[in-house]
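Data first, discussion second: the structure below is written as C-alpha cells.
The values are calculated or read from the model by the stated rules, or taken from the named source; none is laboratory data. Since this is a predicted model, take the numbers as computed values, not measurements. Cβ placement follows ideal geometry from the backbone for every residue including glycine, while neighbour counts extend to all protein chains displayed.
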Amino acid sequence: MLDILQNLAEQTGFATLGWKNYVMICIAFFFMYLAIAKGFEPLLLVPISFGMFLVNMFPSIIEEGGLLHYFYKLDEWSILPSLIFMGVGAMTDFGPLIAYPPSFILGAAAQFGIYGAYFLAIALGFTGKEAAAISIIGGADGPTSIFLAGKLGMGNTLLGPIAVAAYSYMSLVPVIQPPVMKLLTTEKERLIKMPQLRKVTKLEKILFPIVVTLVVVMILPTTAPLVGMLMLGNLFRESGVVKQLTETSSNALMYIVVILLGTSVGATTSAEAFLKATTLKIVVLGLLAFILGTAMGVIFGKIMCKVTHGKVNPLIGSAGVSAVPMAARVSQKVAAEYDPTNFLLMNAMGPNVAGVIGTAVAAGSFLAIFNVH
C-alpha cells in the first residue's frame, strides 16, 4: 500500500514540476488577465495562455502522442496559418486599398522593421534563418511568423517564443503604437482630415485578388500558401456567389483554427524551451522590429503628407503593419483623441491591407533567399 501511495505521489504535478514551470504558469495567468480583465485580443490570448498553463502542468501533452502535439503539427506544416489567411481575406474589405493604391507605399514602408531586425539579429549572433524567423515578428502577424519559422526549420527550437512574441505584440498594438505615432507627428498633422475614398466597383474587387495573386506568386512563388489563401478568401467575399463559403471561412472555420493554433502555440512554451536567454533576445528584437515598422510607416506617411500638400494624415502610416484591423483602429483612435469628428478608419484600412500582403511578401523573400520551398 505504501508503494502504491508513493507511486501516486510521484506522479502528481507537485512532485514533477520545477520552479521554472511555476514561473511559466504565472506568466500564463498574466496573459489571461490581459485577455479577460483588460480585453487585449482575448480571441488570441485566451487559448494561448491556457495552452501555456496546460503544458507547464502536464508537459507530455505537447510530446509525440500527446493531444496538442497533433495540433502543433498543423502549425509546423503551415496548414493553420494558411487557413487563418483565408479567413482574414474573407472578412476584410480590400476596397480602401483599391481606391487609394498609394497605400501600398505605407504598407511597404512598415516592412523596414522586419529587415532592420533581421540585420540586428545577425549582429547578435543568430544564424541567417533564425534571424529571418525572428525578424518577421515586426510585421505583427502571428500566422506569418509561424509559417516562416516552420518553413525555415525552427519548429523544435524557436517557433514557440517567436509565435508567442508575435501574438503578444498583435494584442498589444493599442498600447505600443500610440506613443510612437504621437512622438513622430505634430498636432497639426494629426488633425488632418482625409477626403472620402471613391466608390470601388464590384468588378475591381473581383479582379483585385486574381491580379495580386498572379503578380505576387509569379514573382515570389514561395508566397503562394499565404497570399493565395488570403486572396481566395477575398474572392469568396467579393464574388457574391458563394455566401456559404464566405460565412464558413470567416466565422466557423476561422474560430476553429484560432482555437487549434492558439492552444498549440501556447503549448510550445514549456519551461525548458521558453525560459532561456535566447527567448529574451527574441522578445526584445520583436519589439524593436514592431516599433521600427510603426515608425517607418508614420515617417513615410509624413513624406506623403508633404508631397500631397497636406492631404494625407501621417497617422495612417502606422497601420502599415499586418495586424488587421487592429492597427487601422489604432490610427482612428489616436486621430479621434484630437478631433472626434475625424474618421480615418477607412483610409487606414488601405495601408493595413497592404501590410498583410507586404509581410507575406517579406516572408516569401526570406524563403527565396534561403532556397526553401
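Brief remarks on what is shown
- Within segment 127-137, not a single residue is crowded, with 21+ Cβ neighbours inside 10 Å, at pLDDT below 85, out of contact with any Gly (no Cβ under 7 Å at 6 or more places or on another chain) and closer than 22 Å to THR223 by Cβ.
- Among the candidates SER264, SER250, the residue that is closer than 24 Å to PHE366 by Cβ and either assigned to a helix (DSSP H, G or I) or not polar (S, T, N, Q) (or both) is uniquely SER264.
Yes or no, residue by residue, for (1) closer than 14 Å to PHE94 by Cα; (2) assigned to a helix (DSSP H, G or I):
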| residue | (1), (2) |
| --- | --- |
| SER322 | yes, no |
| VAL330 | no, yes |
| ASN342 | no, no |
| MET349 | yes, yes |
| VAL353 | yes, yes |
| THR359 | no, yes |
| ALA363 | no, yes |
| LEU367 | no, yes |
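- Residue within segment 289-297 that is hydrophobic (A, V, I, L, M, F, W, C), at pLDDT below 95, surrounded by 18 or more Cβ atoms within 10 Å (Cβ to Cβ) and farther than 23 Å from ALA327 by Cβ present: no
- Remark: pairs (first residue in segment 95-107, under 8 Å from VAL200 (Cα atoms); second residue assigned to a helix (DSSP H, G or I) and of a type in the set (Asp, Glu); Cβ separation under 8 Å; 6+ apart in sequence or on different chains) = ILE98/GLU204.
- Residue count for segment 180-202 under the criterion of being of a type in the set (A, V, I, L, M, F, W, C), assigned to a helix (DSSP H, G or I) and surrounded by 12 or more Cβ atoms within 10 Å (Cβ to Cβ): the result is 3.
- Checked against (1) surrounded by fewer than 21 Cβ atoms within 10 Å (Cβ to Cβ); (2) on the phi < 0 side of the Ramachandran plot; (3) within 17 Å of the chain's Cα centre (by Cα), ILE98 passes all but a single condition, namely (3).
- Output for segment 216-244, where each listed residue is touching a residue at least 24 places away in the same chain (Cβ under 8 Å) and farther than 24 Å from GLU76 by Cα: ASN234, LEU235, PHE236, ARG237, GLU238, SER239, GLY240
- Against the conditions (1) among the basic types (Lys, Arg); (2) out of contact with any Asp or Glu (no Cβ under 7 Å at 6 or more places or on another chain); (3) surrounded by 14 or more Cβ atoms within 10 Å (Cβ to Cβ); (4) assigned to a helix (DSSP H, G or I), LYS205 satisfies every one except (2).
- Subset of segment 52-67 that is modelled with pLDDT of 90 or more and part of a helix (DSSP H, G or I) - its residue that is surrounded by the fewest Cβ atoms within 10 Å (Cβ to Cβ): LEU54
- Filter result (of a type in the set (Ser, Thr, Tyr) and over 19 Å from TYR167 (Cα atoms)) within segment 45-90: SER60, TYR70
- Residue match in segment 327-340 (condition: under 27 Å from ALA149 (Cβ atoms), over 18 Å from the mean Cα position of the chain (by Cα), surrounded by fewer than 18 Cβ atoms within 10 Å (Cβ to Cβ) and without any contact (Cβ under 8 Å) to a residue 12 or more places away in the chain): no
- Number of positions in segment 290-315 that are assigned to a loop (DSSP other than H, G, I, E, B) and either under 18 Å from the mean Cα position of the chain (by Cα) or in contact (Cβ under 8 Å) with a residue 60 or more places away in the chain (or both): 4
- Criterion violated by ALA273 - all others in (1) crowded, with 20+ Cβ neighbours inside 10 Å; (2) more than 22 Å from the chain's Cα centre (by Cα); (3) not charged (D, E, K, R) satisfied: (2)
- Some residue of segment 277-289 being more than 19 Å from the chain's Cα centre (by Cα) and touching a residue at least 24 places away in the same chain (Cβ under 8 Å): yes
- Boolean, SER318 is surrounded by fewer than 22 Cβ atoms within 10 Å (Cβ to Cβ), outside any loop (DSSP other than H, G, I, E, B) and polar (S, T, N, Q): no
- Within segment 233-246, the set of residues being surrounded by fewer than 19 Cβ atoms within 10 Å (Cβ to Cβ) and part of a helix (DSSP H, G or I) comprises SER239, LYS243, GLN244, LEU245.
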